[in-house]
Amino acid sequence: MSDEPIIKFDKVVKRFGDLTVLNELDFEVKKGEKVSIIGPSGSGKSTVLRILMTLEDINGGVVTVGGEPLWHEKAPDGSLVPASETHLRKMRTQLGMVFQQFNLFPHMTVLRNITEAPVQVLGLTKQEAKQRGEELLELVGLADQAQKYPHQLSGGQQQRVGIARALAMRPNILLFDEPTSALDPELVGEVLNVIGKLAEEHDLTMLLVTHEMRFAREVSDRVCFFDQGRIREEGAPEDLFTDPNEERTREFLQAVLDN
Amino acid sequence: MDWTQYLTPLTLGAWVTIELTIYSTVFGALLAFAAGIGKLAHNPLIRAISIGYIEIFRGTSLLVQLFWLYFALPVAGQAIGIDLRLPPVAAGVLALSLNIGAYGAEVVRGAIQSVSKDQYEAARALNFTPRKTLWRVALPQAIPEMMPPFGNLAIQNLKDTALVSLISLSDLAFRAEQLRNFTQDSTTIYTLALLMYFGLALVLTAMMKLLERFVGRWRAGAR
């Protein structure tokens, strides 16, 4: 883990109509860092990931990824102007996302789901993409499911395909948007195992929005508690979970851990 | 005259009907995709052309369109010195395709828009271009949705081909009318013609079902 921030939110504002979701958010992630974001629903957790994946734009402030502004470009006179689609396309290559609802392509086999973007977007040959795809399926423990369609898999298996699909694009930063929230309780473990393995074995920067407190505690270098569009409290998991400074954090943790 | 003697001329007519239906359904489907996708384009000119085409052909009578292409267009062409005379088959196929294409365009547009937002987000996260998102992600999911309404349009189109008998194409309706003039045996002849249209419609329905199953073979419960 190096000290240079790979992600930086500088006074970022995001509004949906009258609702301010991110309220001058300042937030940094170092290269290789594994950060969990927790907090009540509506606190802006997922919005942070969606802004990074360029699925939502911002209404104020600057987001920097890998030292370059994400939603802005430098004009010839040095000022920042809103990013073009070309710029966004270039920036997006650094990021990958795992969705709450998996968002697999239902009309493609499991292997095609993983190889399609590398072939169509990165220009890999079918053979190269297939080889990489099979390695990734091996990694997520689904080597024997390559020719099935998503609807033939369990939710946990589908989400593991989702992880493999994101990894196939070789991102530096992997975003997990509540990856186990749509799963039946007995399927959560298999997905968390894969994410945990990635966190341990790869120098990927990982950003995880989750309600799985125990897991967040195990895998993260740092946990951020979001509340009302800002980080209310952040710190090493053992500190934040055992002895939070803020009353609001304490209340939230008590509420979720009692369940 | 024995009713079996009607079968040969009516079958000849039915072949013309079948050809007209096939040509105009295929050509109409192409127009439907072009205009349906065009209506969703970012380019305002493409959008305007698509909307104009759809509204004009949905909003006017097929029969008048047919007469216009066959009778009015050559006169208009003469006025500006271009030969725009169309053979009856071309005028018939053109009118039918333009018509079914306009209705089909709305089907195509609706089906593309019914693809879930999640799919577009996944495609964006994987950095697909908008074009590849359309061809690789949206259309393969939208096409199976289009099949039932397309089936209806194809049947509608089969029945509408009867109108081309009015520009002297010897289709099934034309042959039936000819035989009736000759024999005055209206009941037998029109009953046979009805049965033939119905038989063709059944075949068309079966073909659309097979096509629907083929384009949606990846769906749950498809196999």
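The values are calculated or read from the model by the stated rules, or taken from the named source; none is laboratory data. Values in this document were obtained by computation on a predicted structure and should not be read as measured data. All Cβ positions, even for glycine, are placed from backbone atoms using ideal geometry, and neighbour counts span all protein chains on display.
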Looking only at region B:108-123, count every residue that is within 12 Å of chain A (Cβ to nearest Cβ), surrounded by fewer than 20 Cβ atoms within 10 Å (Cβ to Cβ) and part of a helix (DSSP H, G or I) and tell me the total. 5
Determine if region B:195-214 includes at least one residue that is within 14 Å of chain A (Cβ to nearest Cβ), under 30 Å from A:L55 (Cβ atoms) and part of a helix (DSSP H, G or I). no
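Please specify each residue of region A:87-111 satisfying the condition of being touching an Asp or Glu at 6+ places or on another chain (Cβ under 8 Å) and touching a residue at least 24 places away in the same chain (Cβ under 8 Å).
Result: A:M91, A:M97, A:V98, A:F99, A:Q100, A:Q101, A:N103, A:F105, A:M108, A:L111.
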If B:S170 satisfies every condition in (1) outside any helix (DSSP H, G or I); (2) within 14 Å of chain A (Cβ to nearest Cβ); (3) at pLDDT below 95 but one, which is the exception? (2)
Pick out the one residue from B:I54, B:I112, B:I37, B:I46 that is more than 16 Å from the chain's Cα centre (by Cα) and more than 30 Å from A:A166 (Cα to Cα). B:I46
Out of region B:124-150, which residues are buried (at least 18 other Cβ atoms within 10 Å of the Cβ) and either over 25 Å from A:L167 (Cβ atoms) or more than 8 Å from chain A (Cβ to nearest Cβ) (or both)? B:T133, B:L134, B:A138, B:L139, B:A142, B:I143, B:P144, B:E145, B:M146, B:M147, B:F150
Of (1) out of contact with any Lys or Arg (no Cβ under 8 Å at 6 or more places or on another chain); (2) more than 14 Å from chain B (Cβ to nearest Cβ); (3) modelled with pLDDT under 95, A:G44 satisfies every one except (1)
Output the residue which, of all residues in region A:96-112 that are over 22 Å from A:L49 (Cβ atoms) and hydrophobic (A, V, I, L, M, F, W, C), is farthest from the other protein chains (Cβ to nearest Cβ). A:L111
For B:S97, indicate whether it is assigned to a helix (DSSP H, G or I), in contact with a helix residue (DSSP H, G or I) (Cβ under 6 Å, 6 or more places away or on another chain) and closer than 26 Å to B:G199 by Cα. yes
Residue check: is B:S50 assigned to a helix (DSSP H, G or I), buried (at least 20 other Cβ atoms within 10 Å of the Cβ), in contact with a Lys or Arg (Cβ under 6 Å, 6 or more places away or on another chain) and of a type in the set (S, T, N, Q)? yes
Among residues belonging to region A:137-154 that are part of a loop (DSSP other than H, G, I, E, B) and away from chain B (no Cβ under 14 Å), point out the one that is farthest from the chain's Cα centre (by Cα). A:A146
If you check every pair at least six apart or on different chains, which have Cβ atoms under 9 Å apart with a residue in region B:1-21 that is at pLDDT 90 or above first and a residue that is among the aromatic types (F, W, Y) second? B:G13/B:F174; B:A14/B:Y197; B:V16/B:F174; B:T17/B:Y197
Which one of A:T180, A:T86, A:T115, A:T93 is buried (at least 23 other Cβ atoms within 10 Å of the Cβ), hydroxyl-bearing (S, T, Y) and within 13 Å of chain B (Cβ to nearest Cβ)? A:T115
Given the criteria of a type outside the set (D, E) and surrounded by fewer than 15 Cβ atoms within 10 Å (Cβ to Cβ), does A:A216 qualify? no
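Conditions (1) more than 19 Å from B:S165 (Cβ to Cβ); (2) buried (at least 18 other Cβ atoms within 10 Å of the Cβ), marked per residue:
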residue	(1), (2)
B:R180	no, no
B:T183	no, no
B:T191	no, no
B:A201	no, no
B:E212	yes, yes
B:A220	yes, no
Only one of B:T11, B:T25 is more than 22 Å from B:L153 (Cα to Cα) and not charged (D, E, K, R), namely B:T11
